[in-house]
Amino acid sequence: EKAMLELEEQVNQLINQILLKLENQHELLIGQCRSQVKLTNTQEHILMLLSEDKDNSELAKTLNVSQAAVTKAVKTLVKEGMLEAKKDKDDGRVTYFVLTQEAQPIAQEHEEHHQETLGGLSVVLDQFDNQERQVIGRFLTKLAEKIED
Ligand code: ZN
Ligand code: ZN
């Protein structure tokens with residue numbers, strides 16, 4: 001059996017493993033995407049957010065990406081027939097985006113992929129008892145604080 005790494009090294013390796021898996025994506029999802037249409041995670045996530053709430057001004061903040069990246073992704077989605085631009089009835093200067101028929105199942109699939117991800121994390125966490133889970137929770141809080149130092 002391979003000797004256990006020092007915990008510091010293990011945490012460091014995990015972080016790098018996650019970064020490698022992420023590449024240019026803005027989120028880590030467990031399991032495969034089951035959508036028939038090939039979109040990026042960011043595009044799918046935008047569809048999911050817009051299907052829940054028509055306001056697109058908060059997208060960049062929620063996604064943790066630049067406004068320019070959101071604009072670009074939305075433009076592509078419009079071009080691919082996933083989103084339709086609509087002018088606000090009361091204020092013509094305001095444009096919002098609605099999902100087309102084709103986009104609905106993709107938004108749905110992405111939502112399910114998020115659920116599957118949480119389920120995957122549950123499977124891992126269920127292997128620990130309450131006391132251990134408290135330690136894990138404390139560790140994650142401290143690590144999150146350290147990263148923001
Ligand atoms: Zn997907
Ligand atoms: Zn997502």
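The values are calculated or read from the model by the stated rules, or taken from the named source; none is laboratory data. Just so it is clear, the model here is predicted, and its values are computed rather than measured. Please note: Cβ atoms are built from the backbone with ideal geometry, for glycine as well, and neighbour counts cover all protein chains shown.
Could you list, in sequence order, the residues of region 26-35 that are in contact (Cβ under 8 Å) with a residue 60 or more places away in the chain and of a type in the set (S, T, N, Q)? So that I can check it myself, show each step before the final result.
Filtering region 26-35 down to residues in contact (Cβ under 8 Å) with a residue 60 or more places away in the chain leaves 28-31, 33-35.
Passing the criteria: only 35.
Before we move on, is residue 45 touching a Lys or Arg at 6+ places or on another chain (Cβ under 8 Å) and closer than 22 Å to residue 30 by Cα?
no
Between a first residue in region 6-22 that is at pLDDT 90 or above and acidic (Asp, Glu) and a second residue that is surrounded by 11 or more Cβ atoms within 10 Å (Cβ to Cβ) and part of a helix (DSSP H, G or I), which pairs have beta carbons less than 8 Å apart while being 6 or more apart in sequence or on different chains?
Between residues of region 6-22 that are at pLDDT 90 or above and acidic (Asp, Glu) and residues that are surrounded by 11 or more Cβ atoms within 10 Å (Cβ to Cβ) and part of a helix (DSSP H, G or I), there is no close pair.
For region 110-117, indicate whether the set of residues that are over 18 Å from residue 26 (Cα atoms) and either touching a helix residue (DSSP H, G or I) at 6+ places or on another chain (Cβ under 6 Å) or among the hydroxyl-bearing types (Ser, Thr, Tyr) (or both) is non-empty.
Here is the first cut: in region 110-117, the ones over 18 Å from residue 26 (Cα atoms) are none.
So far as region 110-117 goes, no, none of its residues is over 18 Å from residue 26 (Cα atoms) and either touching a helix residue (DSSP H, G or I) at 6+ places or on another chain (Cβ under 6 Å) or among the hydroxyl-bearing types (Ser, Thr, Tyr) (or both).
Give just the number: which of (1) modelled with pLDDT of 90 or more; (2) over 19 Å from the mean Cα position of the chain (by Cα) does residue 43 not satisfy?
(2)
Conditions tested, residue by residue: (1) closer than 18 Å to residue 113 by Cβ; (2) in contact with a strand residue (DSSP E or B) (Cβ under 8 Å, 6 or more places away or on another chain); (3) away from ligand 2 (no atom under 16 Å from the Cβ).
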| site | (1), (2), (3) |
| --- | --- |
| 37 | yes, no, no |
| 58 | no, no, no |
| 71 | no, no, yes |
| 79 | no, no, yes |
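Restricting to region 77-113, and then to whatever is more than 17 Å from residue 36 (Cα to Cα), free of Cβ contacts under 8 Å to residues at least 40 places away in the same chain and among the β-branched types (Val, Ile, Thr), can you tell me which residue is surrounded by the fewest Cβ atoms within 10 Å (Cβ to Cβ)?
95
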